[in-house]
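Read through the structure below, which is laid out as structure tokens, and then see the notes.
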Amino acid sequence: MLKKLFGKKEKSLDEVIYAPLNGKVVELETVPDPTFSQKMMGDGIAIEPTDGKVVSPVNGKIIQFFHTKHAVGIESESGLELLIHVGLETVGMNGEGFEGHVKEGDKVKVGDPLITVDLDLVKEKAASTITPVIITNADLLETVDKKYSNGASHGETEVMTTKVKG
């Protein structure tokens with residue numbers, strides 16, 4: 001009621017999360033790494049990428065960008081925190097084959113470029129190219145509806161819709 005009286009804008013409680021990569025959207029449980037498949041970091045989906053362009057799946061702000069450029073954290077406008085972790089065991093590549101297009105604090109919109117990655121190099125030097133997309137603060141959620149697809153388009157295909165607890 002006070003928010004109505006003082007005209008404070010309420011955040012939207014619904015959030016659509018778009019594919020950050022082109023490729024096949026699969027269940028998180030299929031990721032061959034227990035940290036992700038057992039949801040130790042949170043709930044989400046994974047993408048088997050067909051190219052190396054990673055874009056923002058939400059409107060928000062970059063809250064973490066790993067110095068190895070293999071992972072990025074984004075806080076969405078509704079307060080969800082997303083982690084995009086490109087490939088498995090890619091931290092050991094020390095940034096080789098990864099080009100970052102953002103820095104911490106940057107505002108991003110759906111479809112804005114985040115990372116470009118050489119998938120052939122990842123296939124050669126890391127365990128897998130599969131890319132988990134994790135909601136790290138999923139405890140804020142009332143519901144998560146995941147959408148699996150064989151041909152997701154980055155920045156266009158909805159992969160998750162969420163409802164934040166009110």
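Could you please let me know if Ile115 is hydrophobic (A, V, I, L, M, F, W, C), free of Cβ contacts under 8 Å to residues at least 60 places away in the same chain and outside any loop (DSSP other than H, G, I, E, B)? Lay out the reasoning, then the answer.
Details: hydrophobic (A, V, I, L, M, F, W, C): yes; free of Cβ contacts under 8 Å to residues at least 60 places away in the same chain: no; outside any loop (DSSP other than H, G, I, E, B): yes.
When the stated conditions are applied, Ile115 does not pass them.
Working carefully through the options Lys9, Lys69, Lys61, Lys53, find the one that is basic (Lys, Arg) and modelled with pLDDT under 95. Give the derivation first.
Numbers: Lys69 fails: modelled with pLDDT under 95; Lys61 fails: modelled with pLDDT under 95; Lys53 fails: modelled with pLDDT under 95.
Among Lys9, Lys69, Lys61, Lys53, only Lys9 is basic (Lys, Arg) and modelled with pLDDT under 95.
Pick out the one residue from Gly105, Gly97 that is modelled with pLDDT of 95 or more, touching a helix residue (DSSP H, G or I) at 6+ places or on another chain (Cβ under 9 Å) and over 25 Å from Glu29 (Cα atoms).
Gly97
If a residue must be touching a helix residue (DSSP H, G or I) at 6+ places or on another chain (Cβ under 8 Å), assigned to a strand (DSSP E or B) and farther than 18 Å from Val16 by Cβ, how many such residues does the range 129-146 contain?
1
Could you tell me whether any residue of the range 147-154 is out of contact with any helix residue (DSSP H, G or I) (no Cβ under 8 Å at 6 or more places or on another chain), over 13 Å from Ile47 (Cβ atoms) and touching a residue at least 24 places away in the same chain (Cβ under 8 Å)? Working first, answer last.
Restricting attention to the range 147-154, the residues satisfying the condition of being out of contact with any helix residue (DSSP H, G or I) (no Cβ under 8 Å at 6 or more places or on another chain) are 147-154.
After this cut, where a residue has to be over 13 Å from Ile47 (Cβ atoms) as well, the list is none.
Within the range 147-154, not a single residue is out of contact with any helix residue (DSSP H, G or I) (no Cβ under 8 Å at 6 or more places or on another chain), over 13 Å from Ile47 (Cβ atoms) and touching a residue at least 24 places away in the same chain (Cβ under 8 Å).
Which of the residues that make up the range 44-74 are of a type in the set (A, V, I, L, M, F, W, C) and under 20 Å from Val16 (Cβ atoms)?
Start the filter on the range 44-74 by keeping residues that are of a type in the set (A, V, I, L, M, F, W, C), which leaves 45-47, 54-55, 58, 62-63, 65-66, 71-72, 74.
Within the range 44-74, Ile45, Ala46, Ile47, Val54, Val55, Val58, Ile62, Ile63, Val72, Ile74 qualify.
Does at least one position in the range 75-86 carry a residue that is without any contact (Cβ under 8 Å) to a residue 40 or more places away in the chain, surrounded by 15 or more Cβ atoms within 10 Å (Cβ to Cβ) and under 18 Å from Ile45 (Cα atoms)?
yes
Checking the structure you have, find out if any residue of the range 143-159 is open to solvent by 40 Å² or more (accessible area, probe 1.4 Å), more than 25 Å from Asn59 (Cα to Cα) and not basic (Lys, Arg).
No, because not a single residue in the range 143-159 is open to solvent by 40 Å² or more (accessible area, probe 1.4 Å), more than 25 Å from Asn59 (Cα to Cα) and not basic (Lys, Arg).
The values are calculated or read from the model by the stated rules, or taken from the named source; none is laboratory data. None of these values were measured; they are calculated from a predicted model. Quick reminder, even Gly has a Cβ in these numbers, built from the backbone with ideal geometry, and neighbours come from all protein chains shown. Just the protein is used for accessible areas: all its heavy atoms, side chains included, with ligands, DNA and RNA removed. Shrake-Rupley method; radii C 1.70, N 1.55, O 1.52, S 1.80 Å.
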